[in-house]
Every structure is written in C-alpha cells, then in structure tokens.
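We did not get these values from a lab; they are worked out from the coordinates using the rules stated. Here the structure is a predicted model, which means the values were calculated and not measured. Reconstructed Cβ throughout: ideal geometry from the backbone, glycine too, with neighbour counts over all protein chains shown.
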There are 2 protein chains.
Amino acid sequence: MNKQQLFENIKRKQSFLCVGLDTDIKKIPEHLLKEEDPIFAFNKAIIDATADLCIAFKPNLAFYESMGVKGWVSFEKTIRYIKENYPDQFIIADAKRGDIGNTSEMYARSFFDELNIDSVTVAPYMGEDSVKPFLIYPEKWVILLALTSNKGSQDFQLTVDSNGERLFEKVLKKSQEWANDEQMMYVVGATQGEMFTEIRKYAPNHFLLVPGVGAQGGSLEEVCKYGMNNMCGLIVNSSRAIIYADKTELFAEAARKAAKEVQEQMAIELKRLV
Amino acid sequence: MNKQQLFENIKRKQSFLCVGLDTDIKKIPEHLLKEEDPIFAFNKAIIDATADLCIAFKPNLAFYESMGVKGWVSFEKTIRYIKENYPDQFIIADAKRGDIGNTSEMYARSFFDELNIDSVTVAPYMGEDSVKPFLIYPEKWVILLALTSNKGSQDFQLTVDSNGERLFEKVLKKSQEWANDEQMMYVVGATQGEMFTEIRKYAPNHFLLVPGVGAQGGSLEEVCKYGMNNMCGLIVNSSRAIIYADKTELFAEAARKAAKEVQEQMAIELKRLV
C-alpha cells in the first residue's frame, strides 16, 4: 500500500485507528477456549467487529511466538483472513526486529514475501545494514522505533550527544538517508505528547505509528494537536482498551463500541485537515 | 545454567565455541531436501558432528521465522533435540527482542518457560522495562546488544554523548543497574577487536557473546588478547564458516573439521588462564 492509498482510506473511513491484536490466551473470553484455534477465533471476531472503524491491524509477534508453533499458525491465519476479507487494511507486523544484513534479509523475506504484510516495526540500534534489507520491497514499509511509549525510553533514546542532539533525533535524521516518507514511518509514543512538535521538525511529512493511547495513558487530542500533518500523518494504535473491553460472550460488540468511540474522536480531529 | 557451570564446560571441553545454527533452506545440501524436515535434519547432523567441540548452540530466529509455521516446528525440534541429547550445551535464542514490559514478558515466557532455552539476545533501545521481564527467571540469561559486528554499528552505537560517553558504554553501565554478571552477558562483535579493552573497562567480569569470527572477518587471537578474563568470559560464535563448510553429503564431517580447527585454537588461547 502506498502513502496516498493510506491517506484515502483515512479520509473515507474518517479514522486513523490501528487495532492492536495483542492476543493473549490468558486474557480472551473463556468460552473461546473450546474452539479449535481460540486465538484465531478471537482475532476473527475482533477484526469483523472493528474493520470498518479502523485502517490498520497490528498483531504483536510476541503474543503469537509465546504460543510456539500453535501461535505461529494463528498468526498466519489471522494475516490471511485480513488480506482476503479486508484488503484495504494496512497490516503491521509489530516485530521490532533488527539484525545484521543477511539476517534482516530473512526477516524481510518472511514478512513481505511469504506473508505479504505491509509493514514491519524495526529497532534502529544496529544501524543502516540492519534496516536496508527491508527497503527493497516496493510499497512495503519499515516502521522504525524512534521515541517509544514506555518508561525505559528515557534510558537511551533521550541521551544528548556532543552536538546537542538526542538519540531519537539522530535516528530520525540518519534514517532519512536510507529511505524517504514513501517507505519509512516512525514509532512515536503517545505518552510523550509534547514531543510531537520536536518530531515534526525532523519528519514533517512522515506517517507516525503512535502506540500508548488507551491503556498506557496517552491523549489522542494532544497527539493530533502536535503531530497531525496535511495527510493526517498519524496511525494511532489501541490494543488492550479495545480488544479486552469486555471478557464475556459480548466481547466483540464491546470492542466495536470502544473502537467506535475512538473513531468518532478521530473524525472530529480530522476536521483539522479541511 | 549458571556462570560457574559454563566455565566448567569451557575448561572440560577446552572450547568456548558457539555454533550458530543460521540454517537457510537455500543453503543446505540438496540431498537433504527430500527429508520430511530438511532444516531439522541438517541441524541434527551439525549438532551431532560438533557437540563435543562446542559449549553452546545459537539458532538465529530469523532463519526459522522466514519459513513460517514449518520453520517454527524445526526450531522447537532443534531445541528439544539439544536439550535431550546434549544437556550440557548452553542454548542461545538469537532473537534480538525488546519491547514494552508486557510484551517482553510474553517473549520471556516463550523462550524461558515454554522452551527452557538458557538465554536470549535482547536489543537495548527501549531501555529498562524492555529488559527486566527476562531477568525474573533464575539461571536464565539476557545477552544485551552492546557493540555489534556489522558496519551499521557505527551509526548509533558509537555516538558520543555530552559526557563523552559512547552509546555502547552507556548501555554497558546503565544495564548493570538491572542485573549483574550472573544474569547478563553482552554482544560484542569480533570485527572490533581493539574495542575489547574498552569493553573490559566497564564489564570486566561479564561473559561476552562474540559474533563476527569467520565469515565476517574477526580475529580469534585478537579477541582473546583483549577480551579474555579469568573465567574465559568469552563465547565466540561461528555460523557460516562451520555449518556451510561443505555442501555435499559430507557436510557434517566438514563442519566437524572446521569446528575442530577453531576448538584447537581455543585450547591454545585458554592456556592464558593457567
């Protein structure tokens, strides 16, 4: 999917919501445990209930890997289900990968070639050759960690170098030598709302993937105020607040209701663009 | 496995070699492709041929994930095979993970609980709460990326901060607030031989996982000269130079020969300890 198509989807659906499929067997409604593949059954219900309200789905690989082979089966079934039934969805494999060149090639092959996923989150610590193998696939995206939503983001990401530049700023600048805003996005946590002004100095036109709204406490209004650009430029993720809104047999309706509330706020925020 | 046990294995086997199981279906001998699980068949042969010459095996997850469900099956079979047949081997899941707390918990559960693997490589970019969930498992290890062996390591890892400290130094210092040398190791690339003196200033007693000897061009002698401590303190990995030493039906013998050569050099280097 290219940038313009993503923007068209946002305008049409009046939403820039990404639903995070962080599906944990210990947290899904009990009645699903009798299904042959409870994780997929849960995801399918969540996807069907929210697809018209969001523009992206983001399964976090950790949740699937923790189930071993079974989890990987559920992951692949989930991807295929979205691709077949909701081809306009932008799929993000939240994998936070990053390895030496020949290994990153293997990850790129896995996500882009085998599974036809639209984008992968990548960690920048290992530098250029860990990121570049993901950039040879047209209309596929690298979403590079810049400033994350967790407390530990302060340990290294805010370190100021001898030129007065913080590490996340260096990541933003350096990585633009590798790809432009048609192939790269950045992860910027919503819990750092005031920082979006800083981010936009270095990446005015990029899409940003924004976790941390909802369970982690970020404010959608603040993110939009400081972070929105003229193509929206934001994909705001919510995981737990939507998918675990309710743990009874009515979980999918509750997820829809939670997603609908966010989408309606987003429709209001999108008026900034007109 | 604890630090003392690891050191005992090194002394007994006169080796601190880790064989990297970066098994690529496109690179294994053709005759194996008719096996039901060619990846596992290859790994089993390599493991049997080298286990008495090495103290660790390190499957890189990327190579298994790129095969999807099948790859994950091969990975789990490989881990189980090592555990059952060579219980003295230290197993490293080279995964380079790192995510927010609740997600890192899932990864820790996957590798340590479900699969009983000894250690996982972790990327430091997201800071403390991305690492800590791995540290609650006794006698399991985090191997944190410090200074990697690839060219891109220069992009961010060598950035000097306003106190004159390079990022990898900050990672070494900061992370010692989270765990000591009984639970944490560091990845330090062999291609940066002269840097081991620097590393040992900050981490004199830690074990270091050293990739980059062999295909990537690092020198074992230099690594030992600058990096060895009184418990050896080094686990030197070689992947391609051993497992792809030959591509005929004699691949396992060739792998053994290549591993034997490294082990013999290691036995010489270990004389430094006496």
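So which aspartates and glutamates pass the test for residue B:3, namely a Cα distance under 18 Å, with those fewer than 8 places away in the same chain ruled out?
Cross-link targets: B:88, B:118, B:139, B:181, B:182.
With charges only on Cβ, +1 for K and R and -1 for D and E, what is the dipole size of region B:115-261 about its Cα centre, in debye, rounded to 20?
Taking the Cα centre of region B:115-261 as origin, the dipole is about 180 debye.
Could you work out the mean count of beta carbons from other protein chains within 10 Å of each residue's beta carbon in B:72-79?
On the way: counts 10, 4, 1, 3, 3, 1, 0, 0.
Across B:72-79, the average partner-chain Cβ count within 10 Å equals 3.
Averaged across B:56-69, how many Cβ atoms of other chains sit within 10 Å of each residue's Cβ atom?
Details: counts 0, 0, 0, 0, 5, 6, 12, 5, 3, 11, 10, 5, 7, 9.
If you average over the peptide's residues, the count of other-chain Cβ atoms is 5.
Can you list, shortest first in nanometers, how far residue B:253 lies from the same residue in the other copies, with each label 7 Å from Cα toward Cβ?
Reported distances to equivalent positions: 7.1 nm.
Would you give the gap between the C-alpha center of region B:112-163 and the C-alpha center of region A:196-271, rounded to a whole Å?
30
Springs between alpha-carbon atoms under 10 Å, Gaussian network over chain B: tell me which of B:110, B:238, B:119 tops the mean-square fluctuations.
Result: B:110 has the largest fluctuation of those listed.
Any idea which of A:236, A:45, A:101 is furthest toward the positive side of the dipole for chain A, if Lys and Arg beta-carbons carry +1 and Asp and Glu beta-carbons -1?
Toward the positive end, the furthest listed residue is A:236.
Please give the FRET efficiency for residue B:273 paired with residue B:2, using the beta carbon to beta carbon distance and R0 = 22 Å, rounded to the nearest 0.05.
Details: r = 19 Å, r/R0 = 0.85.
Efficiency computed from Cβ-Cβ geometry: 0.75.
Give the range of the longest stretch in chain B that excludes all GluC sites (Glu not before Pro) found in loop regions by DSSP and having at most 10 other beta-carbon atoms within 10 Å.
Values: sites that count: B:36, B:177.
My reading of the result: B:37-176 is the longest stretch.
Taking the label point 7 Å from Cα in the Cβ direction, how far apart in nm is residue A:136 from each other copy of itself, listed shortest first?
In nanometres, ordered from closest: 4.1.
With every atom except the alpha carbons ignored, what do you get for Rg and Dmax of region A:32-78, in angstroms?
When restricted to the Cα atoms of region A:32-78, Rg and Dmax are 11.0, 31 Å.
May I ask you to give the average projected area over all directions of the convex hull of the Cα atoms of region B:152-264, in nm² rounded to one decimal? Kindly include the intermediate steps, with their values, before the conclusion.
Details: hull surface 33.1 nm².
The directionally averaged projection comes out at 8.3 nm².
Computed FRET efficiency, Cβ-Cβ of residue B:86 and residue A:151, R0 56 Å: what is it to the nearest 0.05?
Numbers: r = 40 Å, r/R0 = 0.71.
Efficiency, from the Cβ-Cβ distance: 0.90.
Antiparallel DSSP bridges in region A:3-273: what percent, to the nearest 5?
Details: 2 of 30 bridges.
Here the share of antiparallel DSSP bridges comes out near 5 percent.
May I ask which residue of B:5, B:143, B:72 lies farthest towards the positive end of the charge dipole of chain B, with charges of +1 (Lys, Arg) and -1 (Asp, Glu) on Cβ and the Cα centre as origin?
Positive-end residue among those listed: B:5.
Using modelled backbone amide H atoms (1.01 Å from N, in-plane), which distant-in-sequence or interchain residues come within less than 5 Å of residue B:90's amide H?
Those qualifying (amide H under 5 Å, at least 5 residues apart or on another chain) are B:56, B:57.
Would you mind working out the magnitude of the charge dipole of region B:3-273 relative to its Cα centre, with +1 at each Lys and Arg C-beta and -1 at each Asp and Glu C-beta, to the nearest 20 Debye?
On the way: 33 positive and 39 negative charges, 79 e Å.
Using only the charged Cβ atoms, the result is roughly 380 debye.
Taking only DSSP H segments of four or more residues, each worth -39500 (n - 2.57), what value at 222 nm results for the protein assembly as shown once the sum is divided by all its residues, to the nearest 500 deg cm²/dmol? Show your work: numbers first, answer last.
On the way: 24 runs with 221 residues, N = 548.
About -11500 deg cm²/dmol.
List the lysines whose alpha-carbon lies under 20 Å from that of residue A:26, not counting same-chain residues fewer than 8 positions away?
Partners within reach: A:34, A:44, A:58, A:70, A:77, A:247.
Report the dimensions of region B:3-273 along its three principal axes from the alpha-carbon atoms, largest first, rounded to Å.
The Cα atoms of region B:3-273 stretch 58, 44, 34 Å along their principal axes.
Work the Kirkwood hydrodynamic radius out for the protein assembly as shown: mean of 1/r over every pair of different alpha-carbon atoms, inverted, in Å. Intermediate values should be presented prior to the final figure.
Details: mean 1/r = 0.0419 Å⁻¹.
It is 23.9 Å.
Within 10 Å of each candidate Cβ there may be at most 16 other Cβ atoms; applying that plus a DSSP loop requirement, which chymotrypsin sites (Phe, Trp or Tyr not before Pro) in region A:143-184 survive?
Numbers: sites: A:156, A:168, A:178; in loops: A:178.
Listed in order of number, the matching sites amount to none.
Can you give the average number of partner chain beta-carbon atoms within 10 Å of each beta-carbon in peptide A:91-103, as a whole number? Can you show the working numbers first?
Numbers: counts 0, 0, 0, 2, 3, 12, 8, 8, 11, 13, 3, 10, 10.
Per-residue shielding by partner chains comes out at 6.
Tell me the distances, shortest first, between residue B:204 and the same position across the other copies, using label points 7 Å along Cα→Cβ, in nm to one decimal.
From this label point to the equivalent ones elsewhere in the assembly: 5.3 nm.
Taking the simple approach of a point 7 Å from Cα along Cα-to-Cβ for both residue A:34 and residue B:222, what is their distance in nm?
Taking the simple label geometry, residue A:34 and residue B:222 are separated by 6.5 nm.
Along region A:249-263, what does the Karplus equation 6.51 cos²θ - 1.76 cosθ + 1.60 (θ = phi - 60°) give for ³J(HN,Hα), rounded to whole Hz, x for Gly and Pro?
5, 8, 4, 5, 4, 5, 5, 4, 4, 5, 5, 4, 4, 5, 4
Got a sec? How would B:31, B:206 order by Cβ neighbour count within 10 Å, fewest to most?
Numbers: B:31 13, B:206 26.
The fewest-first ordering by Cβ neighbours comes to B:31, B:206.
Return a whole-number percent for the relative contact order of chain B, with Cα pairs under 8 Å and 6 or more residues apart as the contact set. Please list the in-between numbers first.
Details: 493 pairs, mean separation 58.0, N = 274.
Relative contact order here is 21 percent.
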